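Down below is the structure, laid out as structure tokens.
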């Protein structure tokens, strides 16, 4: 398995290491519930250096990315981050990306760790003569500091006024402990916070300094387990669950990131057909009204017939309920249904999502 440059730090803190997309990553330290609640009430620090980064440069960089992704980059200015699905011609999702516009015709695309090689091959397959791409994943480490105390903690280590960095905005060459950092007001928890990109050999220094600086404000190391329960409560999609090559952005509830008004993009015709003829499946939220916890892959049933599948199910630490997300046939998207748990049907009720109110700072 691959290791981030913080592997030894995780082991020293007692992190329980697991295989995650070919990477040895900490799933928890003190416990998923404890880490989850620290992020909601104080702050947590995540190593997300396994994520992939692809540099896109050249005179045609904007037009090239416009063809690849469903969102519209035409109004993005340097210092702006844009979230977008990237689709196959049939409307299935290659991956979902966070695209940083560094300068005119210069971008950094952040992709899911397990998809990095696949995504880079997709980028290469559609490359034009006026664009240069490079898989720069090995050059970057990434930390995410998340929670209501994140800004106060990070402000102790940098001179730039963090209040000036708005949601989905970023600044380059921010100095933190002498390290040059791309500092982005983004995250995957539903809380205010920042993601930091920097040279991978500087990760141990920043990790230790952040934990030390934030200890009196409740900052704790947090693993992938808490990252998953946090993103689930605010219904942020995860590739391989809410997103896949067999699920379209419209089915996944990401229609606001599909811009039919821009020039052509891969998957446009298939998605437009779905929109005009009726989206066959919808992502819905549900609460277990019977006893049991739904898990990814469990069948959703109504009247004895299978109508969909659970994409994510878990106990919600913040709300104290067993909740889930499921992809179901559209005609069943506002009703009651059953979840098939170990051969038995357990009742569930459709409820709105996100389940937990996001606390982003705009």
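At-a-glance table
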quantity: Taking 136, 39, 328, 220 and counting other C-beta atoms within 10 Å, the order from fewest to most; calculated: 136, 220, 328, 39
quantity: Cα gyration tensor category, rounded, prolate or oblate, for region 162-223 with a/c compared to 1.5; calculated: oblate
quantity: Prolate/oblate/rounded call for region 280-362, Cα gyration tensor, a/c under 1.5 rounded; calculated: oblate
quantity: For 17, 25, 86, order by how many other beta-carbon atoms lie within 10 Å, fewest first; calculated: 17, 86, 25
quantity: Inter-label distance, nm, simple model (7 Å from Cα along the C-beta direction), residue 158/residue 5; calculated: 1.7
quantity: At R0 = 22 Å, FRET efficiency that the Cβ-Cβ distance of residue 344 and residue 246 yields, to 0.05; calculated: 0.25
quantity: Value at 222 nm in deg cm²/dmol, rounded to 500, when DSSP H runs of n ≥ 4 in the chain each add -39,500 (n - 2.57); calculated: -5500 deg cm²/dmol
quantity: FRET efficiency, residue 330 to residue 104 (Cβ-Cβ, R0 41 Å, nearest 0.05); calculated: 0.45
quantity: Burial order of peptide ranges 301-314, 63-76, 340-353 (average beta-carbon count within 10 Å, highest first); calculated: 63-76, 301-314, 340-353
quantity: Global geometry of region 237-302, whether rounded, prolate or oblate, following the gyration tensor of its Cα atoms and the 1.5 cut on a/c; calculated: prolate
quantity: Separation of the residue 275 and residue 305 label points, Cα + 7 Å toward Cβ, nm; calculated: 3.0
quantity: Potential lengthening between residue 362 and residue 264 on full extension [0.36 nm per residue; Cα-Cα distance subtracted]; calculated: 32.2 nm
quantity: Footprinting exposure proxy for 287, 331 (fewest neighbouring C-beta atoms within 10 Å first); calculated: 331, 287
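Bear in mind these aren't lab numbers, they're just calculated from the coordinates by the rules spelled out. These numbers were taken from a predicted model, which means no experiment stands behind them. Note that each Cβ is placed from the backbone with ideal geometry, even for glycine, and that neighbours are counted across all protein chains shown.
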